[in-house]
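Here the structure comes first, spelled out in structure tokens, and everything after it is commentary.
The values are calculated or read from the model by the stated rules, or taken from the named source; none is laboratory data. Bear in mind that the values here come from a model prediction, so they are computed numbers and not experimental data. Glycine also receives a Cβ, built like all others from the backbone with ideal geometry; neighbour counts cover every protein chain displayed. Note: areas computed on protein heavy atoms with side chains; ligands, DNA, RNA excluded. Shrake-Rupley method; radii C 1.70, N 1.55, O 1.52, S 1.80 Å.
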Amino acid sequence: MLIYSLSIKLERGFEDIIEAVIESGQLNILGFNIEFPVEDSTSAIVNIYNETEDILKNNLSIIEENIKDIANYTLTTKQLKSEEYLTSYIEFLKPFDIGNITIVPNLKDFHNGESANPLYIAKQYAFGTGTHETTSLALEMINEYANNNDIAPKSIADIGCGSGILSLFAYKLGARNITSIDIDNDAVNCTLDNASYNDIKIDNVILGSAKDLINMNLKFDLVIANIETDILIEILPDLKSLLKQDSTLILSGILLEKESFMKNAIRENKLNIILRKSKNDWVSLMLKQ
């Protein structure tokens, strides 16, 4: 089986634009990774893997439209055999620790026994393995919440659950009343698969949106949403409606350049920021009513 790779080399820092395009869901991709060449400290290379040549061409058109104002970049395409794709893709996915839990996003490290408390995200989805700043920030926020609250009895909603990593991380911290929801059926199946890899049973994995949870008259102690900034702003009233009295909302996926718009929406919805974390060009916020 052939895989079609697209590599974009550009000035370091501009790779965030392509990550934002990927996060927005505009592209149909198998996965992606980012290289920071040791021999060239000014450049970054984003490698995107595509199932067919037609998909590659469509993704290329979307990316070119988004980076057309960047002065210097180069594009390279090539065919890879499926085993070459897996090797080039997963070598960038290394285990890392959040608190006392080790996130293991690499199939080569699956059940290797090296971690005392591993969380395996073995599905080959680049976004949602924890390696992206928005996901790692959300994980850190959940860990912070668990350090300051008894998470075991808390009801938790993971809005836009993706790979399920945030729900499964909360479970590893002791939470059991978890509702995971996504508008993408593939994400629902991915969450269930990753739960199975970890011998975890999450009862409420739902195809739908925050509005669907509102229609079920559900409210939660902790609501988590790791979604693109503009969508977070749009659905913030719905997220607030899911909160119990004196409960907590964690937002991640906020671009630094859009943080002011996010804060305006937070003020309009009468929510208060109690914690802010950032990595590179991304921000995560913890809010209370």
Query raised in the report: Any residue at all in segment 243-253 that is assigned to a strand (DSSP E or B) and among the charged types (D, E, K, R)?
Result: yes
Report task. For segment 215-247, name all the residues that are within 26 Å of residue 152 (Cβ to Cβ), of a type outside the set (A, V, I, L, M, F, W, C), in contact (Cβ under 8 Å) with a residue 24 or more places away in the chain and surrounded by fewer than 23 Cβ atoms within 10 Å (Cβ to Cβ). Result -> 219, 221, 240, 241, 244, 245, 246, 247
Requested in this report: Return yes when residue 201 is open to solvent by 70 Å² or more (accessible area, probe 1.4 Å) and not in a strand (DSSP E or B) and no when it is not.
Outcome: yes
Query raised in the report: Has segment 166-184 got at least one residue that is small (Gly, Ala, Ser) and modelled with pLDDT under 95?
Result: no
Query raised in the report: Given (1) open to solvent by less than 70 Å² (accessible area, probe 1.4 Å); (2) under 20 Å from residue 141 (Cα atoms); (3) out of contact with any Lys or Arg (no Cβ under 8 Å at 6 or more places or on another chain), where does residue 212 come up short, assuming only one miss?
Result: (2)
Query raised in the report: Looking at residue 61, is it modelled with pLDDT of 80 or more, hydroxyl-bearing (Ser, Thr, Tyr) and surrounded by fewer than 13 Cβ atoms within 10 Å (Cβ to Cβ)?
Result: yes
Report task. Kindly indicate the residue of segment 1-55 that is touching a helix residue (DSSP H, G or I) at 6+ places or on another chain (Cβ under 9 Å) and polar (S, T, N, Q) and also nearest to residue 133 (Cα to Cα) among those meeting that condition. Result -> 33
Requested in this report: Considering each residue of segment 254-277, count those that are in a strand (DSSP E or B) and open to solvent by 70 Å² or more (accessible area, probe 1.4 Å), and give that number.
Outcome: 4
